[in-house]
1. So for region 1-117, what percent of the C-alpha to C-alpha distances run longer than 19 Å?
2. Just to confirm my numbers, what's the Cα centroid distance between region 248-293 and region 341-391 in Å?
3. Quick one: Kirkwood hydrodynamic radius for region 257-312, alpha-carbon pairs, angstrom, one decimal?
4. Would you kindly state how much longer the chain becomes between residue 168 and residue 3 on full extension, computed as 0.36 nm times their sequence separation minus their alpha carbon distance, in nm to one decimal?
5. Work from the charge dipole of the chain (Cβ charges, +1 for Lys and Arg, -1 for Asp and Glu, about the Cα centre) and give the residue of 305, 199, 72 farthest towards its positive end.
6. What is the ratio of the Cα radius of gyration of the chain to 2.2 N^0.38 Å, where N is its residue count, to two decimals?
7. What full-extension length gain, to one decimal in nm, is calculated for residue 193 and residue 133 as 0.36 nm per residue of separation minus the Cα-Cα distance?
8. For region 139-244, just the Cα atoms, rotate onto the principal axes and tell me the three extents in Å, largest first.
Amino acid sequence: MFVPEIELQSPESIRHFQEQELQKLLIYLQSHSPFYKEWFLQHGIDIAEIRTLSDLQAIPTIGKDILQKRNWDFLCVDKSRIAEYTTTSGTLGKPVIIPLSEKDLDRLAYNEYISFACARGSSDDIYQLMLTLDRQFMAGIAYYQGIRRLGAGVLRVGPGAAALQWENILKIQPTVLVAVPSFLIKLIAYAEAQGIDLSKTSVRSAICIGENIRNQDFSYNVLGNKITEKWDIRLFSTYASTEMQTAFTECRHGQGGHHHPELLIVEVLDTLGNPVPPGVEGEVTISTLGVEAMPLLRYRTGDICTYHETPCACGRNTIRLSPIVGRHQHMIKYKGTTLYPPALFDILAGMPEVLESTIEVFGNDIGTDEILLKICPTAFSDEIDRSIKAQLQAKLRVSPDIEYLSMEQILKLQLPDGIRKPLKFIDKR
Ligand SMILES: [Zn+2]
């Protein structure tokens, strides 16, 4: 199994290495990035004075709003050198474009190669990709390239289509699935309905994208348990975003996503922009290393999590990120508490009466939020309604409004035209 040498070194050596890489990034931005040149000037930043990781705090962070408004000013290469255009959804409606040069695509492949290797992948594996590879989706191409670099086999089946997924699992005998974990639940249900013996499949693990499979203490959450109770496979969580062009993937010990120090500087900041100590929630803020076309410095991802810095049993000394608590802008202020959609989805996933759900949030006139759960139940009855409400009350201590819909209605809501993943959280604030 390949582990980059730097990840096994002491935290001091890792910091020293990152500080050297930071110098290269600052010099590159100063000479190639129209946006950062202006940003440094505007904020009186002399890059020669930024020597250590803590010096970084002198530079104001940036968020998606600026990246969206000034998108092309972040480009550091001539347009003729862009090899691929990817996008990520923006906050103002229009997508943010993240272009990659040939070198960036190579870096992306390396990133996913070391991430899959971290999750026990090897050249003997066959990966079945259950996600889209088109619609300008960066992750799809990253996984594909990373698997190729690992020397493993790959089949691109695409998202959904449980019957087709199973046909391929039985025929090609893949060892690893890459999928949204809630889709694994659908695969299990299909297998049960068709009499496929889950104890006799070739699959030994799944790389879980987009949704949490663990609680903050790293035990499996409802979703993680629901999958592994019926199907004896190892789940590995991975967290990534298009802007950072880098993944945090768990090793076999499942204690959080490992940071790759040669690819990214990561800070976890509170709402005032101060670094939080390990175990305290903060916003993941990144600076890319080795990115050529659209590198970012102190970019606030909007993702809230905690980090852990004790050495991992796998030998890596890099920090580990906890499961994502939620998106900064998705925080719901509800009846005196604050909560994030992932916690609500996990509660809903644990209810046998709920087949599918969507969370809608809107503001009220007293400045807090209202939640409307749209649920497709197993049956439309008073008994089921009472049971769902009782479980919500027990777990949330408050009970949001519920509207019951048919599966057809809910799927229509989740998949409006032209989107690449189901929309389960609808923010109307
Ligand atoms: Zn580890």
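The values are calculated or read from the model by the stated rules, or taken from the named source; none is laboratory data. Since the model is a prediction, treat every value here as computed from it, not as a measurement. Methodologically, a virtual Cβ is constructed for each residue, glycine included, from the backbone with ideal geometry; neighbour enumeration extends over all protein chains shown. What goes into the accessible areas is simple: the full protein's heavy atoms, side chains included, and nothing from ligands, DNA or RNA. Shrake-Rupley method; radii C 1.70, N 1.55, O 1.52, S 1.80 Å.
1. Working: 4135 of 6786 pairs.
The calculated P(r) of region 1-117 puts 61 percent of pairs beyond 19 Å.
2. Between the Cα centre of region 248-293 and that of region 341-391, the gap is 32 Å.
3. On the way: mean 1/r = 0.0841 Å⁻¹.
When all Cα pairs of region 257-312 are included, the Kirkwood radius is 11.9 Å.
4. On the way: separation 165, 0.36 × 165 = 59.40 nm, distance 3.09 nm.
Length difference between fully extended and current span is 56.3 nm.
5. The residue sitting most towards the positive pole is 199.
6. On the way: Rg = 22.0 Å, N = 429, 2.2 N^0.38 = 22.0 Å.
Compared with the compact-globule rule of thumb, the chain sits at 1.00.
7. 18.7 nm
8. Sorted largest first, the three principal extents are 42, 33, 21 Å.
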